[in-house]
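The values are calculated or read from the model by the stated rules, or taken from the named source; none is laboratory data. Everything quoted here is computed from the prediction, not taken from an experiment. Cβ placement follows ideal geometry from the backbone for every residue including glycine, while neighbour counts extend to all protein chains displayed. Quick note on the areas: whole protein, heavy atoms, side chains included, nothing else; ligands and nucleic acids left out. Shrake-Rupley method; radii C 1.70, N 1.55, O 1.52, S 1.80 Å.
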Amino acid sequence: MARQRIIPLLNQLTSSTRLPLTRSVTYMPRPGDGAPRAVTLIPGDGVGPLVTNAVEQVMEAMHAPVFFEKYDVYGDLSRVPQEVIESIKKNKVCLKGGLRTPVGGGVSSLNVQLRKELDLYASLVNCFNLPGLPTRHENVDIVVIRENTEGEYSGLEHEVVPGVVESLKVITKFCSERIAKYAFEYAYLNNRKTVTAVHKANIMKLADGLFLESCREIATKYPSIKYNEIIVDNCCMQLVSKPEQFDVMVTPNLYGNLVANTAAGIAGGTGVMPGGNVGADHAVFEQGASAGNVGKDKIVQQKKANPVALLLSSAMMLRHLQFPSFADRLETAVKRVISGGKYRTKDLGGDSSTQEVVDAVIANLD
């Protein structure tokens with residue numbers, strides 16, 4: 001009798017857990033699968049065409065799944081042509097050489113225009129030691145994440161009376177929290193241990209105070225990441241004396257420009273540091289540190305510009321486009337050339353031309 005009761009019960013249980021005849025697809029496609037991606041290319045001024053051409057050659061040699069839509073834009077234009085903006089909005093990714101910014105004269109920087117037009121709110125510069133490239137400090141691996149849309153770069157200046165100019169620094173809670181969250185997310189996703197906020201809140205108590213307050217609020221949401229704060233002048237001193245103490249640094253606009261270039265100089269020079277400007281929808285990759293990114297006329301004439309920074313930036317771009325294997329191949333080839341020491345441009349202690357470095361990178365591709 002008990003057996004008669006148990007059998008129907010077992011049948012009921014097994015029927016309720018029986019798998020359906022059809023199943024959903026559970027595999028994930030490999031990163032980089034699919035059609036090649038279009039990328040807007042702006043060669044820019046000075047050494048820009050030389051180094052962007054270097055990237056084009058290497059991309060072609062490794063059969064990278066990207067193709068370029070090239071536009072000639074120069075720093076003396078009053079603004080970025082609308083067709084270029086539309087191309088970046090369509091492609092969502094851009095690679096650019098340096099655009100010369102005239103000093104004074106009321107001419108707006110096209111670099112800043114691009115960042116504001118596309119809301120590229122985060123500038124990211126990775127400053128690290130390259131094996132085989134001797135520098136004063138070792139174990140440097142710093143990521144400088146800089147707020148890119150406000151601060152002293154707001155462009156709000158006017159002459160109050162003749163001889164007196166007022167320039168406004170704008171700091172908002174929205175932008176401060178947004179850049180702080182980007183920095184902590186970057187640290188979390190890249191297994192970084194520490195985020196350091198750079199500020200001058202001891203003097204600019206409201207503006208930098210708001211930035212610092214925003215960083216503190218975001219830090220509480222990432223308990224696994226250590227959070228530090230440092231005043232910008234002490235930060236510069238610490239950078240040149242003990243840079244290995246820093247990991248990820250988050251900064252307002254102007255401080256980030258200074259800190260990133262200082263860190264780049266410490267780690268090997270602006271010619272080897274990659275970077276990008278990233279927003280919610282678009283990304284522009286370029287040489288990470290701005291100092292000398294356009295270059296001297298003599299370097300252009302001799303065709304001896306250093307392509308390493310933009311090659312590494314293009315590897316960042318490939319990773320952003322979810323082509324990590326191509327990014328790894330490119331980075332590995334560049335590091336092999338630097339480590340070998342035979343092909344280096346003048347800024348790295350050699351006398352090689354841009355093309356010689358490019359040929360060496362192509363020869364070292366797996």
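Worth a mention:
- Matching residues in region 266-316 - criterion: being assigned to a helix (DSSP H, G or I), at pLDDT 90 or above and open to solvent by 10 Å² or more (accessible area, probe 1.4 Å): 266, 316
- Region 181-192, residues that are part of a helix (DSSP H, G or I) and either in contact with a strand residue (DSSP E or B) (Cβ under 6 Å, 6 or more places away or on another chain) or not aliphatic (A, V, I, L, M) (or both): 181, 182, 183, 184, 185, 186, 187, 188
- Any hit, region 192-201, residues being in contact with a Lys or Arg (Cβ under 8 Å, 6 or more places away or on another chain), farther than 15 Å from residue 179 by Cα, hydroxyl-bearing (Ser, Thr, Tyr) and open to solvent by less than 80 Å² (accessible area, probe 1.4 Å): yes
- Restricting region 54-82 to residues that are part of a helix (DSSP H, G or I) and touching a residue at least 40 places away in the same chain (Cβ under 8 Å), the residue that is surrounded by the most Cβ atoms within 10 Å (Cβ to Cβ): 55
- Residues satisfying the stated conditions in region 206-254, i.e. open to solvent by 20 Å² or more (accessible area, probe 1.4 Å), part of a loop (DSSP other than H, G, I, E, B) and either of a type in the set (Lys, Arg) or in contact (Cβ under 8 Å) with a residue 60 or more places away in the chain (or both): 221, 242, 247
- Residue in region 135-143 that is more than 30 Å from residue 342 (Cα to Cα), among the aliphatic types (A, V, I, L, M), under 22 Å from the mean Cα position of the chain (by Cα) and open to solvent by less than 40 Å² (accessible area, probe 1.4 Å) present: no
- Just one of the listed residues (144, 165) is part of a strand (DSSP E or B), farther than 23 Å from residue 201 by Cα and among the hydrophobic types (A, V, I, L, M, F, W, C), and it is 165.
- Within region 102-122, considering residues that are in a loop (DSSP other than H, G, I, E, B) and touching a Gly at 6+ places or on another chain (Cβ under 9 Å), the one modelled with the lowest pLDDT: 107
- When residue 328 is tested against (1) in contact (Cβ under 8 Å) with a residue 40 or more places away in the chain; (2) under 21 Å from the mean Cα position of the chain (by Cα); (3) not in a loop (DSSP other than H, G, I, E, B), only condition (1) is not met.
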